[in-house]
Structures are given as C-alpha cells and as structure tokens.
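The values are calculated or read from the model by the stated rules, or taken from the named source; none is laboratory data. Here the structure is a predicted model, which means the values were calculated and not measured. Backbone-built Cβ (ideal geometry, glycine too); neighbour counts: all protein chains shown.
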Amino acid sequence: MKQVAWLFKWLLKAAIFFTLFAFALNNQHDATVRFFFGQQWTAPLVLVVLSAFALGLLIGILGMVPRWWQHRRDAAIAREAATAAATLVASDKPPTAPPHGL
C-alpha cells in the first residue's frame with residue numbers, strides 16, 4: 001500500500017511538472033511590463049509570470065518575519081518561565097535523608 005501511495009505521489013509530481021513545462025513552452029512570446037515614468041521591461045511571458053510569483057513570495061515572507069520573531073521571543077520567555085517554575089518546585093521539596101547504614 002505504501003508503494004502505491006509513493007507511486008501515486010510521484011505521478012502527481014510528474015504531471016504537475018509537465019503541465020508547468022508545457023505552459024512555459026506555450027508562452028514564449030514577449031510581454032511588455034510598463035512601469036511608472038515611461039520605464040518598461042520586455043521579457044518572455046513565462047519569465048514575467050515567474051517574476052510576479054517570486055515577488056509575491058518575497059513580500060509574503062517579509063510580511064511574516066515580524067510575527068515569527070515575536071513568536072520566537074514569546075516561546076523563549078515561556079521556556080524560561082517553565083524552567084524557573086520547575087526549579088522553584090524542585091527547591092521546595094525537603095532534602096532527602098541518605099538511606100540508613102551509609
């Protein structure tokens with residue numbers, strides 16, 4: 001059963017790859033992206049789409065970074081608090097006497 005799932009996963013990956021590859025081959029004509037102040041960029045359409053996708057990923061990652069730092073800071077504070085609480089609980093116990101005869 002695991003081998004069937006593994007084979008299906010690889011077939012799905014291959015289908016997605018060949019679909020995207022066919023998309024790239026079918027969209028090789030030039031596209032012009034016009035910016036402000038008369039600037040423009042002419043490149044194959046597939047590169048324009050790939051660049052827009054990469055730019056979107058970059059903006060999304062940069063938008064996540066502050067929250068990620070805050071989460072790491074909160075986790076470190078919680079870890080320190082848990083360690084301090086465990087130390088406090090361990091220090092409240094009376095010391096155990098050594099066993100008799102030693």
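Of the residues making up region 34-84, just one is assigned to a helix (DSSP H, G or I) and in contact with an Asp or Glu (Cβ under 8 Å, 6 or more places away or on another chain), namely L45. Pairing residues of region 15-32 that are of a type in the set (K, R) with residues that are at pLDDT below 85, at Cβ distances under 8 Å and at least 6 apart in sequence or on separate chains, gives no pairs at all.
Scanning region 2-33 for residues that are part of a helix (DSSP H, G or I) and in contact with a helix residue (DSSP H, G or I) (Cβ under 6 Å, 6 or more places away or on another chain) yields one hit, A24. Just one of (1) modelled with pLDDT of 90 or more; (2) under 21 Å from the mean Cα position of the chain (by Cα) fails for L50. It is (1).
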